[in-house]
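A.B. asks: This is the structure I want to talk about, given as structure tokens.
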Amino acid sequence: MRGSLTLVMLAWAGSTGFAQVQDRLGVRILLGMTDQESKRWDGSLSARGAQIAEIEPWRFDTGDAISGNTWKLSTHPAELFLGGIFYAGGKSAIVPNGIVAQLTGVREEAELQVSTSQGNFSIQLAQIPFGKTIPALDGRVQVDRVPAVTRITDTPDEQDFPSAALDKKGNAWIAYVEFRHAKNHNAIRAGHDQPFANFEPLHEPTGGDQILVRRYDGRNWSAPIAITEPGLDLYRAAIAVDGAGRPWVFWAQNDHGNFDIWARAIETGQPGARVRISREAGADVDPVAAIGSDGRVWVAWQGWRDGKASIFAASQHGTAFSPPQTVSSSGGNEWNPAIAADSGGRVTVAWDSYRNGNYDIFMRSTGARPVESRWGPEVAVAATPRYEACPSLAYDPSGRLWVAYEEGGTGWGKDFGAFNTEGVALYQGRVIRLRGFEPGGRIVETADDPGGVLAGVGATPLDPWNTQKEAQDLDNHLDSAKNRRPNVAAANVRAAHNNYPRLLVDSSGRIWLAYRTLCPIWWSPIGTSWFEYVVSYDGKAWSKPVFLTHSDNLLDNRPALFSPAPGVLGIVGSSDHRSQYQLAGKYIIELDEKYAKALLGPRAVQQSFPLYLNPSIPNDPYNNDLFANELSLGPASGAIGVTEEIAVERHRIYSRYS
């Protein structure tokens with residue numbers, strides 16, 4: 001293990017603006033917003049009314065560097081996979097570079113002074129509340145506030161799949177999976193000049209998976225608690241704290257070729273006996289957990305039986321769990337379980353289902369103070385020919401259930417290719433929907449539409465072209481499919497790319513919604529960079545999106561949310577650092593003209609081709625580490641403002657496809 005946990009000093013005390021200023025926060029300074037060619041932006045930063053704890057790179061490439069409070073950097077052309085150059089209008093498109101300053105001891109009058117080779121400017125932190133950006137140097141610079149962030153893990157191993165829960169004392173408990181590479185991992189990934197004569201080194205086993213837990217008391221993180229031994233084959237972790245204050249950790253474990261759900265409680269800092277919850281043949285995976293109002297913990301998961309996936313649940317009885325109950329078992333496969341409980345005894349499980357030949361959201365609840373076997377009827381949250389999947393659940397203080405999910409076009413993943421193009425291709429438009437279900441059955445929406453602040457169509461430089469509300473034309477245009485030229489695919493849908501909502505309602509009634517998106521559009525040495533943003537509803541209006549640093553990773557990356565105080569959000573997620581090009585090392589190869597045009601396209605204007613993942617770099621530069629972001633917007637302004645849902649098309653079959 002290289003390094004150890006860095007303490008995350010989260011300021012639990014909330015603040016609104018600078019009335020009660022946060023002690024810690026970040027400032028993102030983006031340079032070269034309007035550059036048409038690569039320019040030098042070397043500079044330095046000083047602060048008044050705050051201390052600069054660290055300066056981090058934002059979009060560094062080979063040759064960019066930070067030393068103390070100074071940096072040397074240039075703006076660079078936007079790059080494609082493996083270092084190919086993105087061309088627009090026959091020339092390479094230049095994208096901004098920048099830094100993120102982590103500040104501590106921030107006072108109300110805090111001000112930053114920035115000196116660069118392109119000009120100097122100052123920033124008063126009171127001018128940039130969360131969600132607001134300000135320009136400088138005639139729009140060549142953009143500045144915004146970002147949450148304070150701390151690196152939790154820093155090892156050559158992979159830490160991912162975090163889950164979070166709070167106990168009654170306000171401690172945050174984080175469970176996650178750690179994967180250890182094979183000892184010769186770096187030798188395997190290094191470049192090789194000659195063909196392999198012996199493949200035996202490739203057979204070396206990895207170090208496998210392990211479930212670990214850490215506790216945060218508002219000041220310090222505990223040492224990791226080993227819930228399992230290392231070297232196992234595990235999938236995802238979940239955690240919930242029961243009424244007795246015991247954190248229960250759940251995971252899926254491969255036992256002789258069959259995955260089952262296991263649990264283990266922590267008492268007085270030590271893991272107790274293991275509890276096996278599922279035993280049937282067929283993989284049981286993807287656990288999620290919540291605490292009921294009576295203090296018992298519930299767990300739900302996906303289980304495969306006879307080649308078909310269903311959703312199961314079990315509830316805690318002291319140190320044991322009930323036999324698995326079938327929550328949903330339709331004629332199609334069921335995926336992505338989510339769970340939440342209210343203060344009146346209800347427990348709700350939601351999932352997405354393929355029973356109708358496309359993905360739809362369903363949910364099912366126990367009644368108030370239920371006998372576990374008495375689940376109510378299934379409720380269709382969203383069941384149209386569109387793609388509706390990946391639900392996230394949260395109850396607000398009034399007992400209203402909120403469901404967030406992602407929605408894609410009709411025919412997603414079907415009938416899109418060289419001949420039939422009536423469907424919607426993979427990686428096309430996605431929007432986030434949010435619906436509320438009141439105890440009496442009325443379906444509502446927030447009075448302010450979140451689509452008015454969520455990101456729309458992504459852009460290569462930085463900000464999206466528009467909002468989700470203006471970019472939710474998700475279905476394929478059939479005329480485009482019919483009238484396309486021979487042997488040319490129909491045009492892809494141009495829409496928002498908002499995915500994997502993560503929902504939480506804090507004790508004041510403030511709704512927090514985190515999501516992944518392509519803003520900015522950013523290709524990296526190991527794939528597309530997806531980033532996490534957070535918006536929040538204070539009961540009257542939605543905040544503008546707040547960018548989370550160190551959230552760059554794959555699309556399917558699901559951070560854990562927890563709220564230690566009204567108006568305060570903690571977010572733990574993993575980053576594989578893919579947006580930092582300088583970690584990999586760039587080297588140039590020369591291509592002949594024919595291959596250059598085949599690789600870079602007919603608009604290629606150069607034959608020199610920059611490649612990343614330089615084999616001379618001794619260690620793998622891209623591995624998953626955990627980071628904690630902290631965001632404080634203050635408690636909700638009052639009761640959650642809602643309006644009766646008017647988007648009736650989400651309940652009916654679209655006549656266009658019926």
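A.B. asks: Could you please rank SER579, SER44, placing first whichever residue has the fewest other Cβ atoms within 10 Å of its Cβ?
C.D. replies: Working: SER579 24, SER44 15.
Fewest-to-most ranking of SER579, SER44: SER44, SER579.
A.B. asks: For a label point 7 angstrom out from the Cα of SER222 toward its Cβ, which stretches of region 243-264 have the backbone nitrogen within less than 13 Å?
C.D. replies: 245-249
A.B. asks: May I pose another question? Arrange the following residues from fewest to most other Cβ atoms within 10 Å of their Cβ: ARG502, ARG246, ARG386. Write down the numbers at each step before the final one.
C.D. replies: On the way: ARG502 22, ARG246 18, ARG386 25.
Listing ARG502, ARG246, ARG386 from fewest to most nearby Cβ atoms yields ARG246, ARG502, ARG386.
A.B. asks: Work out the length of the dipole vector of region 96-161 about its Cα centre, built from +1 on the beta-carbon of each Lys and Arg and -1 on the beta-carbon of each Asp and Glu, and round it to the nearest 20 debye.
C.D. replies: On the way: 5 positive and 9 negative charges, 63 e Å.
Dipole size: approximately 300 debye.
A.B. asks: What per residue convex hull volume, in Å³, do the alpha-carbon atoms of region 513-559 yield?
C.D. replies: Numbers: hull volume 3.3 nm³, N = 47.
So the per-residue hull volume is 71 Å³.
A.B. asks: Oh, and also: Could you please report the charge total around ASP242, scoring K, R as +1 and D, E as -1 over all other residues with beta-carbon less than 12 angstrom from its beta-carbon?
C.D. replies: Value of the local net charge: 0.
A.B. asks: Right, something else. Using Cβ contacts closer than 10 Å as the measure, can you line up TYR533, TYR515, TYR500 from fewest to most?
C.D. replies: Ordered from fewest to most neighbouring Cβ atoms within 10 Å, TYR533, TYR515, TYR500 come out as TYR533, TYR500, TYR515.
A.B. asks: Determine which residues of region 277-291 fall in the zone a paramagnetic label at LEU232 would reach in this model, i.e. backbone nitrogen under 17 Å from the point 7 Å along Cα→Cβ.
C.D. replies: 277-280, 283-289
A.B. asks: Full extension from LYS169 to TYR354: what is 0.36 nm times the residue separation minus their Cα-Cα distance, to one decimal in nm?
C.D. replies: Details: separation 185, 0.36 × 185 = 66.60 nm, distance 4.12 nm.
Contour length minus Cα-Cα distance gives 62.5 nm.
A.B. asks: Can you give the net charge of the other residues whose Cβ lies under 9 Å from the Cβ of HIS76, counting K and R as +1 and D and E as -1? Walk me through the numbers before you get to the answer.
C.D. replies: Working: positive: ARG59; negative: ASP61, ASP64, GLU79.
Surrounding charge for HIS76 is -2.
A.B. asks: Another question about this same structure. Could you state the number of Å between the C-alpha centres of region 388-436 and region 286-356?
C.D. replies: 21
A.B. asks: Here's another thing I want to ask about it. What translational D, rounded to a whole number of µm²/s, comes out for region 167-236 from Stokes-Einstein when the hydrodynamic radius is the Kirkwood one over Cα pairs, at 37 °C and 0.692 mPa s?
C.D. replies: For these conditions, the coefficient is 220 µm²/s.
A.B. asks: Sorted by average packing, counted as other Cβ atoms within 10 angstrom per residue and highest first, what order do 225-235, 617-627 take? Write out the running numbers ahead of the final one.
C.D. replies: Numbers: 225-235: 16.5, 617-627: 19.0.
Listed from highest to lowest mean packing, they are 617-627, 225-235.
Every number in this text was worked out from the coordinates using simple rules, so none of it is lab data. Quick caveat, the model's predicted, so the values are computed rather than measured. Backbone-built Cβ (ideal geometry, glycine too); neighbour counts: all protein chains shown.
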